[in-house]
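J.: So that we are looking at the same thing, I have put the structure below in structure tokens.
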Amino acid sequence: MSRIENVSEVVTINMGPQHPSTHGVLRLIVDLDGETIVNVEPDVGFLHRGTEKLAENRTYHQTIPLTDRLDYLSPLSNNLAYCLAVEKFFNVEIPERAEYLRIILTEMSRLVSHLVWIATHALDIGAMTVFLYAFREREELLDLFEMGTGQRMTSSWMRIGGVREDMPEEFYTTLADFVSRFEANVDTYENLLTTNRIWMGRTIGIGHLTAEETMVYGTSGPLMRGSGVDFDLRRDETYSIYDRFNWEIPVEQEGDTYARYKVRMKEMRESNKILAQALEQMPAEGEVMTDDPRVSMPKHEDVYERMEALIRRFYIVSKGFRPPKGETYQGIEGTKGEVGFYLVSEGEERPYRMKIRSPSFVNLGVLNKMAKGHMLADLVAVIGTNDVVLGEIDR
């Protein structure tokens, strides 16, 4: 026990790193005055793999699977941010069909991530039914990933210059069917929670953040938009082909856990709209990988017939390619906020330096501010509304 100024008897407890509501190996050192939270100090690093250092010893293509393991609930979003950063070195033109496929896979990842969030967040607060419904829809999306890429998670399907391969026709028809039904599923989640007095009692006024505080702490994503900040990289620093779609950016003013819940629920509806438009606008056929020889391998049919194509393919597979000297950064609107990659090239096959801007790490920094003064039981709701993934915090 210790004594803090203006506070009576303070007890320090550990929460995690194996606590079910910390959603990974997150340890919180919590100071309590009775059941009131006086201070929360996150202790991270239990999942550290040295991702940034590993990237310095791999070719640019070999780093793509490492990005899958950051936010493993949304691996294809990480793939996209990394590939866009590398493509900036070359100013590569991406084929139209690949652009649409990238958007489809990224928005599907956003739905998967938000479904896991609402399922576990509701379960933590005591609402079990939503968990069952949300995981039902998540399973459908994971089945689609498996159908298209062979993997339910960590598929590493993006490539520098496009995507690995096109999807089978059944993928598009099954996804169109899912999109047509998903809006009604979100209605079901909201019917269970939005006006539920227990849910409202556990979330309204909990974990409050003002718009100024979100910007001071550098937070992004739903954490920021739930406090009235109308900012989304897909619109405000647009990338890929997001400017071709008609969708809205959900913003709520209250800045509490309930406001962030409403933002994410609306975001699922908006992602569904983007998916519907992408399926409708996508070219019926076309390449899904650039033919720019600086980053792409020759096609198999060329390798079988031309010696120079065989040599070129062997060189890229074994040694990679060399971007020009310089530095680049690309951020995208990930499921939890701005996920970005900063790369420094010395003109070699491997990056001289890679730095990852992970939204979970930045957003965790405001946890103490959100939790201080609330009851210990509310800390579970605050962690849930923060929606962190330890894979990208520890890296």
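The values are calculated or read from the model by the stated rules, or taken from the named source; none is laboratory data. As the structure is a prediction and not an experimental result, all values here were calculated from the model. When we count neighbours, we look across all protein chains shown, and the Cβ atoms used for this are built from the backbone with ideal geometry, even at glycine. Protein only, heavy atoms only, side chains kept; ligands, DNA and RNA dropped before computing areas. Shrake-Rupley method; radii C 1.70, N 1.55, O 1.52, S 1.80 Å.
J.: Condition (residue is surrounded by 22 or more Cβ atoms within 10 Å (Cβ to Cβ) and touching a Leu at 6+ places or on another chain (Cβ under 8 Å)) applied to region 303-311: is it met by at least one residue? Can you show your working first?
T.: Residues of region 303-311 surrounded by 22 or more Cβ atoms within 10 Å (Cβ to Cβ): none.
Scanning region 303-311, I find no residue that is surrounded by 22 or more Cβ atoms within 10 Å (Cβ to Cβ) and touching a Leu at 6+ places or on another chain (Cβ under 8 Å), so the answer is no.
J.: Is it true that some residue in region 194-207 is within 23 Å of the chain's Cα centre (by Cα) and assigned to a loop (DSSP other than H, G, I, E, B)?
T.: Yes, the conditions are met somewhere in region 194-207.
J.: Pick out the one residue from T173, T214 that is among the polar types (S, T, N, Q), surrounded by fewer than 17 Cβ atoms within 10 Å (Cβ to Cβ), closer than 30 Å to L84 by Cβ and at pLDDT 90 or above. Give the derivation first.
T.: On the way: T214 fails: surrounded by fewer than 17 Cβ atoms within 10 Å (Cβ to Cβ).
Going through T173, T214 in turn, just one is among the polar types (S, T, N, Q), surrounded by fewer than 17 Cβ atoms within 10 Å (Cβ to Cβ), closer than 30 Å to L84 by Cβ and at pLDDT 90 or above: T173.
J.: Consider N386 against the criteria (1) over 30 Å from I64 (Cα atoms); (2) at pLDDT below 90: it satisfies all of them except one. Which criterion is unmet?
T.: (1)
J.: Inside region 69-85, can you point out the residues that are at pLDDT 90 or above and either more than 18 Å from E338 (Cβ to Cβ) or assigned to a loop (DSSP other than H, G, I, E, B) (or both)?
T.: Correct list: empty.
J.: Need pairs with beta-carbon distance below 8 Å; first residue touching a residue at least 12 places away in the same chain (Cβ under 8 Å) and acidic (D, E) and within region 217-231, second part of a loop (DSSP other than H, G, I, E, B) and surrounded by fewer than 24 Cβ atoms within 10 Å (Cβ to Cβ); sequence gap 6+ or separate chains.
T.: D230/I249; D230/V251
J.: Let me ask you something else. Checking F361 against (1) open to solvent by 40 Å² or more (accessible area, probe 1.4 Å); (2) at pLDDT 90 or above; (3) under 18 Å from I160 (Cβ atoms), which test does it fail?
T.: All conditions are met except number (3).
J.: Related question: With respect to E285, determine if the residue is farther than 27 Å from R97 by Cα, outside any helix (DSSP H, G or I) and charged (D, E, K, R). Spell out the reasoning first.
T.: On the way: farther than 27 Å from R97 by Cα: no; outside any helix (DSSP H, G or I): yes; charged (D, E, K, R): yes.
No.
J.: List the pairs whose first member sits in region 343-368 and is closer than 30 Å to R294 by Cβ and among the acidic types (D, E), whose second member is part of a helix (DSSP H, G or I) and open to solvent by 10 Å² or more (accessible area, probe 1.4 Å), and whose Cβ atoms are under 7 Å apart, counting only residues at least 6 apart or on separate chains?
T.: Hits for this filter: E349/K319.
J.: Does region 322-343 include one or more residues that are part of a helix (DSSP H, G or I), open to solvent by less than 10 Å² (accessible area, probe 1.4 Å) and either among the polar types (S, T, N, Q) or out of contact with any Phe, Trp or Tyr (no Cβ under 9 Å at 6 or more places or on another chain) (or both)? Write out each step before concluding.
T.: Initially, region 322-343 is screened for residues part of a helix (DSSP H, G or I), giving none.
For region 322-343, residues part of a helix (DSSP H, G or I), open to solvent by less than 10 Å² (accessible area, probe 1.4 Å) and either among the polar types (S, T, N, Q) or out of contact with any Phe, Trp or Tyr (no Cβ under 9 Å at 6 or more places or on another chain) (or both): absent.
J.: List, please: which pairs have Cβ atoms under 6 Å, are six or more places apart or on different chains, and start with a residue in region 307-319 that is farther than 14 Å from Q62 by Cβ and end with one that is not hydrophobic (A, V, I, L, M, F, W, C)?
T.: Listed by first residue and then by second, the contacts come to A309/P298; A309/D302; R312/P298; R313/P298.
J.: Okay, moving on. Does T63 meet the test of being β-branched (V, I, T) and either under 19 Å from M354 (Cα atoms) or surrounded by fewer than 19 Cβ atoms within 10 Å (Cβ to Cβ) (or both)? Steps first, answer last, please.
T.: Values: β-branched (V, I, T): yes; either under 19 Å from M354 (Cα atoms) or surrounded by fewer than 19 Cβ atoms within 10 Å (Cβ to Cβ) (or both): yes.
Yes; evaluated as a whole, the condition is true for this residue.
J.: Only one of (1) open to solvent by 20 Å² or more (accessible area, probe 1.4 Å); (2) in contact with a helix residue (DSSP H, G or I) (Cβ under 8 Å, 6 or more places away or on another chain); (3) within 25 Å of A259 (Cβ to Cβ); (4) outside any helix (DSSP H, G or I) fails for Q151. Which number is that?
T.: The one condition Q151 does not meet is (3).
J.: If you go through region 123-150, how many residues are farther than 24 Å from T106 by Cα and in contact with a Phe, Trp or Tyr (Cβ under 6 Å, 6 or more places away or on another chain)?
T.: Filtering region 123-150 down to residues farther than 24 Å from T106 by Cα leaves 123-129.
Checking the rest, the ones that are also in contact with a Phe, Trp or Tyr (Cβ under 6 Å, 6 or more places away or on another chain) come to 123.
Of the residues in region 123-150, 1 are farther than 24 Å from T106 by Cα and in contact with a Phe, Trp or Tyr (Cβ under 6 Å, 6 or more places away or on another chain).
J.: Let me spell it out: the conditions are (1) assigned to a helix (DSSP H, G or I); (2) open to solvent by 10 Å² or more (accessible area, probe 1.4 Å), and E349 meets all of them except one. Which number is the exception?
T.: That leaves (1) as the condition not met.
J.: Examine region 93-103 for a residue that is closer than 30 Å to T194 by Cβ and part of a helix (DSSP H, G or I), and state whether such a residue exists.
T.: Within region 93-103, the first condition is being closer than 30 Å to T194 by Cβ, and the residues that meet it are 103.
When the remaining residues are screened for being part of a helix (DSSP H, G or I), the result is 103.
The answer is yes; a qualifying residue exists.
J.: I've got another one for you. Kindly indicate whether any position in region 104-120 is among the hydroxyl-bearing types (S, T, Y), within 30 Å of I198 (Cα to Cα) and open to solvent by 10 Å² or more (accessible area, probe 1.4 Å).
T.: Within region 104-120 (the criterion being among the hydroxyl-bearing types (S, T, Y), within 30 Å of I198 (Cα to Cα) and open to solvent by 10 Å² or more (accessible area, probe 1.4 Å)), the answer is yes, since at least one residue qualifies.
J.: Moving on to the next point. Give just the number: which of (1) part of a helix (DSSP H, G or I); (2) surrounded by fewer than 20 Cβ atoms within 10 Å (Cβ to Cβ); (3) of a type in the set (D, E, K, R); (4) out of contact with any Ser or Thr (no Cβ under 6 Å at 6 or more places or on another chain) does K88 not satisfy?
T.: K88 satisfies every listed condition except (4).
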